[in-house]
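Note sheet for the following structure.
The values are calculated or read from the model by the stated rules, or taken from the named source; none is laboratory data. What you see is a predicted model, and the numbers here were worked out from it, not measured in a lab. Methodologically, a virtual Cβ is constructed for each residue, glycine included, from the backbone with ideal geometry; neighbour enumeration extends over all protein chains shown. Each accessible area value is taken on the protein alone, full model and side chains, heavy atoms only, with ligands, DNA and RNA left out. Shrake-Rupley method; radii C 1.70, N 1.55, O 1.52, S 1.80 Å.
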Amino acid sequence: MKKISLLGSTGSIGVQALEVCENIKDIKIEALTTNKNIELLEKQIIKFKPKLVSVMDCEKAEELKSRLLKNGFGNIKVTSGLDGLVEAAIINSADTVIVSVVGNIGIKPTYEAIKYKKEIALATKEVMVSGGKLITNEAENNNVRILPIDSEHSAIFQSLQGNKQNNINKIILTASGGPFRGMKKEQLYGVTPKDALKHPNWSMGAKITIDSATMMNKGLEVIEAKWLFNIDVERIEVVVHPQSILHSAVEYEDGAVIGQLGVPDMKVPISYALTYPKRVKNSFDKLDITKICTLTFEKPDIKTFECLSLAYSAIKKGGTMPAVLNAANEIAVFAFLDGKIGFMDIPKVIKSTMDKHTIKFNYNITELLNADLWARSYAKSIIKEGIQ
Ligand code: MN3
């Protein structure tokens, strides 16, 4: 039986992960965490009866404690803050940690979970973008597997099975292109958060939906793929594929391209990460290939969607730069969602922050998190002063 700690159980991936766990059956949920959605967490607690839960927001954690006491669930431990999240990640009774929190907050708990030799099922790509080098080193040292939940990376991972001895030419990383595919810069200055939140194929959280609209999501995924599959970014090609049916592919040196297809449904990659190398039957929607009619592929418009080039540039510069890209992006995205900056200001905030950063090439986790903090405060200061 697999025993799971699920970090970020009330988010879009977390909720789907619990659905997958119910389908797999032979799984016990040991810990659940949320940022502040204690209403949903309480329902999950009643259903899955974990040993420990953690709430980032301390006040909400206290509120949950008294609610659980009233409900007769007073025996469940409630922790809070980043320390609480780490406690959930390293809980003794779990062997696998699903990381599906929003953003960089996932780095520390993932890093600690690896030290405790927990298998990682990773949905939070920011963990790899920022901490890729430290996380993959630590995983190697502890002989810990990191299984991707991100749909493209799951597709690449699936396409690599049975090919250990074969060299690959390149990874073909597919992108939907987001809601603004085909639009030019001039058309994008006036777009609102509401426009950007309408993703054509995937239903996801707000942060990743905006990242999809700017194509930063794909930039982050290029960096994520580099670390997960130990491949040079020059050999990762982003291809826009609006139907989101081919979830990504691998081209081998003989020219054979092996990819994974399916309906856009995160439950499939989640399930594979939890049951690998086995596949488990489910009742989720299946692909009717005769109904697709057309699959199209095009090169990304990197002049319009500058975030994609910024991501390539950050990983090529290396060291702490990808962490800075990621942190500045988080600040810019939330400022855009709050109506503080325009859509086209997002790459400007990121670029200015990157330009100002002095890269550190040898760093520990504290120094990495400091680079992240510096980038956040610098990005905030640019936004406050007004973007040129
Ligand atoms: Mn993805």
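Here S313 sits with roughly 40 square angstrom of accessible surface, probe radius 1.4 Å.
Among beta bridges identified by DSSP and lying wholly in the chain, the antiparallel ones come to about 25 percent. Straightening the chain between I231 and K164 buys 22.7 nm, computed as 0.36 nm per residue apart minus the Cα-Cα spacing.
The dipole here belongs to the chain: it is taken about the Cα centre, uses +1 on the Cβ of Lys and Arg and -1 on the Cβ of Asp and Glu, and is about 520 debye.
Counting only residues at least eight positions apart within a chain, or on another chain, the lysines with an alpha carbon under 28 Å from that of K65 are K2, K3, K28, K36, K43, K47, K49, K51, K77, K108, K118. If you take all other residues with their beta carbon under 11 Å from the beta carbon of S244, and give Lys and Arg +1 and Asp and Glu -1, the sum is -2. At q = 0.10, 0.11 Å⁻¹, what log₁₀ I(q)/I(0) does the stretch 2-148 have when each alpha carbon counts as one equal point scatterer in the Debye sum? Values, matching the q order: -0.30, -0.36. With contacts taken as Cα pairs under 8 Å at a separation of at least 6 residues, the stretch 2-148 carries a relative contact order of 23 percent.
Would you mind computing, in nm to one decimal, how far apart the modelled labels at Y189 and E62 are, each placed 7 Å from Cα along Cα→Cβ? So the two model labels end up 4.9 nm from each other.
As a length-normalised measure over Cα pairs under 8 Å and 6 or more apart, the relative contact order of the chain settles at 15 percent.
Projected label points at N370 and I24, each 7 Å from Cα along the beta carbon direction, are separated by 3.9 nanometres. Restriction of the trypsin sites (Lys or Arg not before Pro) in the stretch 167-215 to DSSP coil positions whose beta-carbon has at most 15 other beta-carbons within 10 angstrom yields K184, K198. By the rule of a C-alpha distance below 14 Å, with chain neighbours fewer than 8 residues away ignored, the aspartates and glutamates paired with K317 are D232, E234, D355.
Volume per residue of the convex hull around the Cα atoms, evaluated for the stretch 297-388, comes out as 109 Å³. Annotation: per residue accessible area for the chain equals 44 Å², rounded to a whole number [probe 1.4 Å, protein chains only]. Charged neighbours of E234, selected by a Cβ distance under 15 Å, balance to +2 (K, R count +1; D, E count -1).
Taking the accessible area of the chain, probe 1.4 Å, and keeping the other protein chains in place, the carbon and sulfur fraction comes to 51%. Taking the helices alone, the chain has a mean residue ellipticity at 222 nm of -15000 deg cm²/dmol, built from -39,500 (n - 2.57) per DSSP H run of at least 4 residues and averaged over all its residues. A simple spin-label model places the labels of L69 and F284 4.1 nm from each other, with each point 7 Å out along Cα-to-Cβ.
Applying a DSSP loop filter and a limit of 12 other Cβ atoms within 10 Å to the chymotrypsin sites (Phe, Trp or Tyr not before Pro) in the stretch 291-388 leaves F297, F361. Charge tally around I90: other residues with Cβ under 12 Å, Lys/Arg +1 each, Asp/Glu -1 each, net -1. Apply the Debye scattering formula to the chain, with a single equal point scatterer on each alpha-carbon and no solvent, then give log10 I(q)/I(0) at q = 0.08, 0.11 Å⁻¹. Ignoring solvent entirely, the Cα scatterers give -0.40, -0.78.
In a DSSP loop and with at most 16 other Cβ atoms within 10 Å, the trypsin sites (Lys or Arg not before Pro) in the stretch 78-149 are K117, R145.
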